[in-house]
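The values are calculated or read from the model by the stated rules, or taken from the named source; none is laboratory data. Keep in mind that this is a model prediction, so the values were computed, not measured. Here the Cβ positions follow ideal geometry from the backbone for every residue, glycine too, while neighbour counts run over all protein chains shown. For the accessible areas, the whole protein counts, side chains as well, though only heavy atoms, and no ligand, DNA or RNA atoms are used. Shrake-Rupley method; radii C 1.70, N 1.55, O 1.52, S 1.80 Å.
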Amino acid sequence: LPELGCQRLRHPPRMADLVDTAAGCVGATACTLGGLPFDVAKARLQAGGAGHAYSGLADCLLTTARTEGALALYRGMVPALSSALAENSVGITVQRSLRRALGVDDGGQRPSVGTELGLGAVT
């Protein structure tokens, strides 16, 4: 692909975008699955009604899992996962595409601080 200016890429441009999108989806899924129980517990601790006096985070997690089942810690997973998938897959794909277009994605060249700030601001 030298005629396209892509000699430094390990994958053709379209394949690289698919790899980046897949990486964003995997990251979003991992973050949602790992973090959602803590978000559910945080919401329950903040709501803290009279019938739910938890002594802390661990008590909230354990009590919820024991009384309602472990899947109760994943309530709201569909909206959380769908928004995380959209945000991460688009953000990572756009940023990596811009890095390739600017020629700072070859692994050896370190972009300037201004370039990194600009890429972060755009994505």
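A few comments on the model shown:
- Within region 108-123, tally of residues that are among the hydrophobic types (A, V, I, L, M, F, W, C), touching a helix residue (DSSP H, G or I) at 6+ places or on another chain (Cβ under 6 Å) and open to solvent by 60 Å² or more (accessible area, probe 1.4 Å): 0
- You will find that of LEU85, LEU33, the residue that is aliphatic (A, V, I, L, M) and either free of Cβ contacts under 8 Å to residues at least 60 places away in the same chain or farther than 30 Å from ALA16 by Cβ (or both) is LEU33 and no other.
- Number of the exception - GLN109 against (1) in a helix (DSSP H, G or I); (2) of a type in the set (S, T, N, Q); (3) modelled with pLDDT under 95: (1)
- Residues that are over 14 Å from the mean Cα position of the chain (by Cα) and open to solvent by 70 Å² or more (accessible area, probe 1.4 Å) within region 80-107 comprise ARG96, ALA101, LEU102, GLY107, listed in sequence order.
- Odd one out for ARG14, checked against (1) modelled with pLDDT under 95; (2) over 28 Å from ALA86 (Cβ atoms): (2)
- When ALA58, ALA28 are checked against the criterion of being among the aliphatic types (A, V, I, L, M), part of a helix (DSSP H, G or I) and open to solvent by less than 50 Å² (accessible area, probe 1.4 Å), a single residue qualifies: ALA28.
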